[in-house]
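Only one structure is covered here, and it is reproduced in the block below.
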Amino acid sequence: MSEHRNPWTTLSSRPIYENPWLRVTEDEVLTPGGARGTYGVVRHPAPGCCILPLDEAGYTWIVGQHRYAIGRYTWELPAGLMGAGETPLAGAQRELAEETGLAARNWHPIQHLAPVNSMTNLESFSYVAWGLTAGTPHPDAGEELALRRIAFAEALGMVLSGAMPSAISVATVLQAHVLALRGQLPPEVTPALRAGQ
């Protein structure tokens, strides 16, 4: 069986709920085994992005906010959904500016991720950004964000201890660290990202 052949058959799709950020559908399907079934899918209108900004001293910025869905406060990397018609890089640049006030001269893509591919079509693109210029954050009206500047080694420690639970943040921090250890990132950022090895 080819891994590229789709063994699922969609018989019908019914919208259940929709808002500007997501749409929930209930699909009647034939499963790969040929049985009839129901599959709920959360569909997002655009991919997401996640940014690991690094300054010359090897520090990064994390964003704190109370996450309504899990009912607790979390720290994570700057991230968000792309706007209509935005490229992944343009979306990442906008999100970094909105959440931290930072602009970056250099951007390096490190990951294309499908964080919960069993129930949503959401994909996310991650970047390391450096050559930073400070500015004023301007988060969305519905957001209440806090900012912290921490050493990359501390961010890595937060990921490994579970103190940074966002899946996209975890994947971005670990991917950047591993790529740096393998010598697969630009030399300007490699020393900071090797911290904590």
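In table form, for the structure just shown:
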{"quantity": "Karplus-derived 3J(HN,Hα), 6.51/-1.76/1.60, for each residue of the stretch 28-37, Hz, glycine and proline x", "calculated": "8, 9, 9, 6, x, x, x, 7, 6, x"}
{"quantity": "Highest-MSF residue in the chain out of 83, 91, 48 [GNM, Cα springs under 10 Å]", "calculated": "83"}
{"quantity": "Amide hydrogen neighbours beyond the local backbone of residue 151, cut-off 5 Å, H modeled", "calculated": "60"}
{"quantity": "Mean Kyte hydropathy of 1.6 or more with a Cα span along the axis of at least 20 Å, helices from DSSP in the chain", "calculated": "167-181"}
{"quantity": "Solvent-accessible area, 1.4 Å probe, carbon plus sulfur percent, for the chain", "calculated": "54 percent"}
{"quantity": "Of 148, 23, 72, the one that fluctuates the most in a GNM where the chain has Cα springs shorter than 10 Å", "calculated": "72"}
{"quantity": "Prolate/oblate/rounded call for the stretch 78-162, Cα gyration tensor, a/c under 1.5 rounded", "calculated": "rounded"}
{"quantity": "Peptides 173-184, 104-115 ordered by average Cβ neighbours within 10 Å, highest first", "calculated": "173-184, 104-115"}
{"quantity": "Solvent-accessible area per residue, Å², over the stretch 1-154 with all protein chains present [probe radius 1.4 Å]", "calculated": "58 Å²"}
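The values are calculated or read from the model by the stated rules, or taken from the named source; none is laboratory data. For clarity, every value in this text was computed on a predicted model and none was experimentally measured. Methodologically, a virtual Cβ is constructed for each residue, glycine included, from the backbone with ideal geometry; neighbour enumeration extends over all protein chains shown. These area figures cover heavy atoms from the full protein model, side chains too; ligands, DNA and RNA do not enter into them. Shrake-Rupley method; radii C 1.70, N 1.55, O 1.52, S 1.80 Å.
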